[in-house]
Structure formats: C-alpha cells, structure tokens
Amino acid sequence: MTDAPISLGARLSQLAGQRPDRPAVSDEHRTLTWAELDRRTNQMARGLLALGVRQGDLVTVGLRNSVGFVEACFALWKAGATPQPISFRLPPAEAEAVMELAQTPILIAGADFAASRPRFDADDLHARGGEDAPIEDRTAPIYKAPTSGGSTGRPKLILSGQPAVFAPSPDGVGAYRTSGDDVMVMPGPLYHNGPFTSGFGGLFQGAHLVILPRFDAEATLAAIARWKATWIYLVPTMMSRIWRLPETVRAGYDVSSLRTAWHLAAPCPPWLKEAWIGWLGPEVIMELYAGTEAQAVTIITGAEWLEHRGSVGKVTVGEMAAFDADGARLAPGETGEIYMRRAEGSAPTYQYRGAEARTLPGGWESLGDIGWFDADGYLYLADRRADMILVGGANVYPAEIEAALDEHPLVASSAVIGLPDEDLGSRIHAIVQARPGLTEAALRAHLAERLVSYKQPRAYEFVAENIRDDAGKVRRSQLRAERLDRTT
C-alpha cells in the first residue's frame, strides 16, 4: 500500500486489484465484489460526465439505503464531483432549497422523488456509461457536502474541508476502528453524516459493508448473525428498540462476532448504555461526539464510561472548552456552551453554505450544545442551547427528561418541548410514542421517582408515529412550532 494520498476512485481500483473477488458491499438484494464495484462505477462515472457533471460539482444524491447509493458516490468521486446526500423522504420544498444551495446539475434519486432537476437513478447512470474500462483519474476538491437543518429548520450545506482522497494510516486502522478484515452492518441512513463517514470510511479500508434498507431491531440482529459482523453503527433509539425485544428473541441471535459497536448522533440514557456494556462487553462499546463540521472530536470506550458514567469522552482531535454567556472560559464542573476549534496549524475542516458559524474570538466555534468537563477532562453534555427550557427561572434540559421517559418499557420514543406559560414562562410538554398499555398516570409515577418536580412535564401527548428520524434525531423546534400553530 502506497503511503501517498490517492483519489477515492483510485483507491477503489486499488482494492479491486488487491481483492477482486471478495465482497465489497451488500444490500437485501445483491452483493458486489470489489472488481464488480470498480467496473460498474467506471461506467457510471462515464454516464455522469456524459450528462454534463464536471469536476468540482456538488451533485445531490437522494437514494434509499442500497448498493446503488454506494455506487453513485464512488461514480461521483471518479468523475471528480462531490456527493451531496439528502433524505429520500425530504419534502419537495426543502429538497428544492437544498438543491438550489448545491447548484446540482442533476439529481440522483429514485422515480418516487419529485424534483425540478433532471433525475437519474443508479441504473440509469450505468446504462449511459458504455464501457467499464478505467477512466482518467480525477480528485473531487470536496469529499462530501451533507445537509443539516439544525435547530433552525433552515437547510444548510456543510462542505468538507478535505478533498476526496485516501491517506492510509500507519497501522492500517481507519477512523471508527475499521480495518480491511471487518464486516460492517449499517442500519443507519447513509444520507446522514455518521453513517456516511463511518460506512465509506470502512470501505476505503477494504471492509465489507452490509447495508440494511431501514432499521428494524430483529432484522439488525439477524444481519449480525448471518454475516458474522464485526462492526456496527447504532444510535440510542436503535439500541433501545433492540434491548426492548423479548429476551428470547434477542438471545436467539449470535452476536459474539462483534468487536466494535459505535453509538453516536444523540444522547444515550445511562441505564441503556450500561445494559449494552453488560451485554456485549466494555471493550466493544464505543461512543463518539462531534459535529459534521469535525473541528474536534471526543471518544470514550465502554471501560472509560464505567469510570466516568454519563460522559461522551475526552477530546482526541482538536480542542473543546465550556464558555459562559459572556465568553469567559469555565473551570471544570461549571456548565456552559461547548465551543470547539481545530488543532493549531491544521486546515479548515468545513465550510458552511447557507449559514454562519456561532463563534468566539480565538477561532472557537459552537454547535449549540451545553455541557461541562470534569477534572480529568471528560466531557458531559446537558442539551442543545436552543432546546433548553426556562421554567420559573430554572434551566431544564429536554434530553434529561427524555432519557427518563425512555427508560419506561412502554415508551418507544419521546420528545420534550417548552410551550408558553403565563405563570412560569414555559411549561414542559412531553410527546410520547407509546406502546400498548401505557397510561399517563403510569408515566407520572415513573418520572416522580426520577426527576425533581419542576422538571416533570405538565402535560403529556401520546402519538402513534415515531418521533425521531432514522438517525435518532428529533427537531424539537418543528414540534414546538406545530403545537403553537394549533393554538393560534
């Protein structure tokens, strides 16, 4: 393996030469070997170039989780363009706003995705490509350009500060603890940054990526057992639903092959994390905290977490610190807004399109999270700054209440918001996706044992639908706006 960085297209061809007949990527319908993936993406890249895609373009990808998603991204990199992934479920108006920001020349999506731009799916690109011989090597100047609505609900693009290149690590282990002998199960949506970067990061190492069409608790366990997976990506919602399976079902699948189970993207209730550590072992469970912006990163192992219960880890990349509202840096144990900055002398890790960073002097930038550091340098998160609820002068963090709610076995998912209250300023409103048999009285009794009175919801709303998306994210600002609209 050469030590010099090479384009991601060249890396795919390199792997195809080293392991042509080994599986590269699988979904529910098919498996492609490394040689097949290389040849097919050569054809698709030619199809993209024939459609007018040029080096440096951002190209919107709205495909479902599938082999086709992976093919489309590698074909774009081979054409010198940048994948700009979006959810295939995105409402038309929001999709159009994102594509306008990206100035995408085409949309790569299925037939059910309505859009004003020319639309092609993976098979269309393959059919237009012709020959599958290697094409001229190109490097996209931007590796990826995911989108985020954040707490405002307004779309923005987060353009990677890195070009689309692969630089091998000295020990052969990539980010997210991936290596060329891993079998990775991916139940998360590839249009989200965590699944995208970890899934493709494993592929760049030569791992076999098994993509699930959507998350299903038992299907995820079945995939681990079937493929003898060594690595999996999870969010706390997934962890909760797997753990809530009947013990006989969960124990019926052999998951002993797992060496690494990452969870990220949302706060994990301590009781749930402790349960998973007890099930799979502290050496398997890994947690990462960072933004798509990637200025800084914390990581914590299961063993460390048992010594620092509730932490999301120590800083391993860049810098983080807590600051008060006046911009003063806080001491260990003091709660404030978490700011990040990249390592001194390093290149910018991202660029916004459609937004501006929240900054402090000295290169510090905030993603809007509230938290504190302990004396050993471990970070603990409270909640998002924008989601904090002020109740009678006291700060209340929805994530804490949601963690307590989700501990109830009949709660499938939950979200907590603040609604206007003449007396207290805000009142706490809990939205709960309930399993059969759950009552408000049972929830009130459950929380009375776990939360001080001013943190307990004044009102409960039971809903049938999942409150969080496939990546475990929840837009509290949207939920709040919808409920305010009902009262006006």
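The values are calculated or read from the model by the stated rules, or taken from the named source; none is laboratory data. Since this is a predicted model, take the numbers as computed values, not measurements. We place every Cβ from the backbone using ideal geometry, glycine too, and count neighbours over all the protein chains shown. Heavy atoms of the whole protein, side chains included, go into the accessibility calculation; ligands, DNA and RNA do not. Shrake-Rupley method; radii C 1.70, N 1.55, O 1.52, S 1.80 Å.
Looking at this structure, is Ala471 open to solvent by less than 20 Å² (accessible area, probe 1.4 Å), among the hydrophobic types (A, V, I, L, M, F, W, C) and in a loop (DSSP other than H, G, I, E, B)? So Ala471 fits the description; yes. For region 421-434, check the following and say yes or no: at least one residue is open to solvent by 70 Å² or more (accessible area, probe 1.4 Å) and either in contact with a Ser or Thr (Cβ under 9 Å, 6 or more places away or on another chain) or of a type in the set (S, T, N, Q) (or both). No. Only one entry in Ala415, Ala375 is modelled with pLDDT of 90 or more and open to solvent by 20 Å² or more (accessible area, probe 1.4 Å), namely Ala375. Among the conditions (1) assigned to a helix (DSSP H, G or I); (2) open to solvent by 50 Å² or more (accessible area, probe 1.4 Å); (3) of a type in the set (S, T, N, Q), the only one that Ser240 does not satisfy is (2). Among the residues of region 384-407, just one is at positive phi and without any contact (Cβ under 8 Å) to a residue 60 or more places away in the chain, namely Gly393.
Scanning region 169-184 for residues that are surrounded by fewer than 18 Cβ atoms within 10 Å (Cβ to Cβ) and at negative phi yields Ser169, Pro170, Asp171, Val173, Ala175, Asp181. Among the numbered conditions (1) open to solvent by 10 Å² or more (accessible area, probe 1.4 Å); (2) in contact with a Leu (Cβ under 7 Å, 6 or more places away or on another chain), the only one that Thr41 does not meet is (1).
Pick from Leu125, Leu90, Leu101: which is open to solvent by 10 Å² or more (accessible area, probe 1.4 Å) and either touching a Gly at 6+ places or on another chain (Cβ under 6 Å) or charged (D, E, K, R) (or both)? Testing whether each residue is open to solvent by 10 Å² or more (accessible area, probe 1.4 Å) and either touching a Gly at 6+ places or on another chain (Cβ under 6 Å) or charged (D, E, K, R) (or both) leaves just Leu101.
Screening Thr316 with (1) hydroxyl-bearing (Ser, Thr, Tyr); (2) farther than 21 Å from Met186 by Cβ; (3) open to solvent by less than 40 Å² (accessible area, probe 1.4 Å) gives one miss only, at (3). The combined condition, being within 30 Å of Ser148 (Cα to Cα) and surrounded by fewer than 24 Cβ atoms within 10 Å (Cβ to Cβ), is not fulfilled by Glu36.
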